[in-house]
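A short write-up of the structure that comes next.
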Amino acid sequence: MELRPTGGFIGSFGLLTLENGQIKDFAVEDVYTADGALKGHVDPPPPIRIHLEQEHWYMRDANWDPDFTQTAPRLKWFLEKELDISVDGVIALDLEAVKSILEMTGPIDLADFGEKITAENLFPKLQAQIQTDFFPGSTKKRDLLGALLRSLITQLMSSKNISLGVAGAKLRQNLLSHDILIWFSEAHVERSVRSFGWGGEMLPIGSCLIPNCLADYLMVVDANLGVNKANAFVGRKVKDVVKLNLDGQAEHALSVSYQNNSPGSGGLGGEYKNYLRIYMPLTAKLEGVTSDGRLLKLATDEVASESSVLVRQESNFQVVETLVLVPVQGEKNLNFSYKLVNPGIPPAQPRAYTYKIQKQPGIVDDFSFDLVYPPSLRLTKQIWSPAFSVDTLVKDGQITYNTTLSQDLVFEVSLGPR
């Protein structure tokens, strides 16, 4: 409900100790308790320093990198510096993961708090309990979340009404949707996690095996810097129209739209202050960005603003970022125009195109994709992976897909002469 690159704002963390495959100890702590013990200064990323107005960097804001294989070691580092505790792995859980566990266990009675927690009331009940009679130094959040998670673990391990098949299927779906992310410090274990796609690694498509193939990639990443729970009321829609040209280029018209249905007063939401990042292939060349029809200028500083975009390279990606402010009961529509060129391949009729869109943890988008190709070419093959989640419409020179982005999607198409 307070979206960050790998799921949400880190409000709490747990320490789980295992010995010989058995749970030896489990404790939940408030992240502010750990952050208060940090000695010294850590420079935060510029958007956190400028737009969140935080001079120092703490563990609560350390999941800034959307690639969990980069974020998890940083969380481990902060924990070691703050509490002098070394961990062997990091597991991230968001609200959707906890909901799915509650769907299996059924209601959980928290007698000490006078609450019965279900998948349907999880967020409002927890939020109301934590906010009621809150004061600095209160342990209520820690105690409440600790009691809930211990009860869930007990139910999962002892209940005879939970099918292992159902539990396995739900766990697998949470891993594929990145509502659960896993990282281990042991290299051979971490390689296994990544091979299954459970580690939240940002992985572009490598070189195509087919000649004249264009490999494409997209990830849309939000970061709520408004210090509120606006994402409980914000909807995001992503639409990408890709035009394949005979010269081997792909022209993108990407739109990202927001609707903020936060109540006007007395609610959890408010203005959606979002630092938006678009990850695309290194060969992408930005042509322009508009916000509600207004052309944004290129940023000259180290961070983007509401009126500017910053373009930079990060690892294997070209990143375009800007600040998006969506008012209460308001909308915002952004459009990104860019071209993708496959270097080293002479202009030719493209015979193959591969497109991957990676899902951000903690959010499910309405996603539509149009592929437009020259009339001199015909479609010879199309594959969506996974195929069951996509509605397809094919007509002359265009393929249209509509889906709910609940996990990463990969699309492959082959084109041949008519």
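The figures follow:
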item	result
Selection count, region 143-199, where residues are assigned to a loop (DSSP other than H, G, I, E, B), hydroxyl-bearing (Ser, Thr, Tyr) and farther than 13 Å from Met104 by Cβ	2
Condition check for Asp216: of a type outside the set (A, V, I, L, M), modelled with pLDDT of 95 or more and surrounded by 21 or more Cβ atoms within 10 Å (Cβ to Cβ)	no
Helices (runs of 4 or more DSSP H) contained entirely in region 5-112, each with at least 1 residues that are free of Cβ contacts under 8 Å to residues at least 60 places away in the same chain and crowded, with 18+ Cβ neighbours inside 10 Å	31-35, 68-83, 95-105
Output for region 219-241, where each listed residue is assigned to a strand (DSSP E or B) and either buried (at least 21 other Cβ atoms within 10 Å of the Cβ) or at pLDDT below 95 (or both)	Met219, Val220, Val221, Asn224, Val234, Arg236, Asp240
Subset of region 155-183 [in contact with a strand residue (DSSP E or B) (Cβ under 9 Å, 6 or more places away or on another chain) and under 24 Å from Asp88 (Cβ atoms)]	Met157, Leu171, Asn174, Leu175, His178, Asp179, Ile180, Leu181, Ile182, Trp183
Of all residues making up region 2-47, the number that are closer than 27 Å to Leu176 by Cβ and out of contact with any Gly (no Cβ under 7 Å at 6 or more places or on another chain)	13
In region 259-275, the residues that are buried (at least 21 other Cβ atoms within 10 Å of the Cβ) and part of a strand (DSSP E or B)	Asn260, Tyr272, Asn274, Tyr275
Single residue of Arg49, Arg60 found to be within 13 Å of Ile10 (Cβ to Cβ), among the basic types (Lys, Arg) and modelled with pLDDT of 95 or more	Arg60
Selected residue [hydrophobic (A, V, I, L, M, F, W, C), in the same structural domain as Gly248 (by TED's automatic domain parsing) and surrounded by fewer than 15 Cβ atoms within 10 Å (Cβ to Cβ)] from Ile363, Ile383, Ile357	Ile383
Subset tally (residues that are in contact with a strand residue (DSSP E or B) (Cβ under 7 Å, 6 or more places away or on another chain), part of a helix (DSSP H, G or I) and either aliphatic (A, V, I, L, M) or modelled with pLDDT of 90 or more (or both)) for region 338-391	0
Filter result for Glu287 (outside any strand (DSSP E or B) and surrounded by fewer than 16 Cβ atoms within 10 Å (Cβ to Cβ))	no
Members of region 86-108 that are among the β-branched types (Val, Ile, Thr) and in contact with a strand residue (DSSP E or B) (Cβ under 7 Å, 6 or more places away or on another chain)	Val90, Ile91, Ile108
Hits in region 242-258 (condition: assigned to a strand (DSSP E or B) and farther than 30 Å from Glu96 by Cα)	Val242, Lys243, Leu244, Gln249, Ala250, Glu251, His252, Ala253
Looking only at region 71-102, and only at residues there that are among the charged types (D, E, K, R) and either over 18 Å from the mean Cα position of the chain (by Cα) or modelled with pLDDT of 95 or more (or both), the one that is farthest from Pro45 (Cα to Cα)	Asp88
Residues of region 299-322 classified as in contact with a strand residue (DSSP E or B) (Cβ under 6 Å, 6 or more places away or on another chain) and assigned to a strand (DSSP E or B), total	11
Some residue of region 267-276 being under 16 Å from Asn335 (Cα atoms) and of a type in the set (Asp, Glu)	no
Count of region 168-204 residues which are under 23 Å from Tyr355 (Cβ atoms) and hydrophobic (A, V, I, L, M, F, W, C)	6
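The values are calculated or read from the model by the stated rules, or taken from the named source; none is laboratory data. Just so we're clear, the structure is a prediction, and the values are computed from it rather than from any experiment. Don't worry about glycine lacking a Cβ; one is built from the backbone with ideal geometry, like all the others, and counts go over all protein chains shown.
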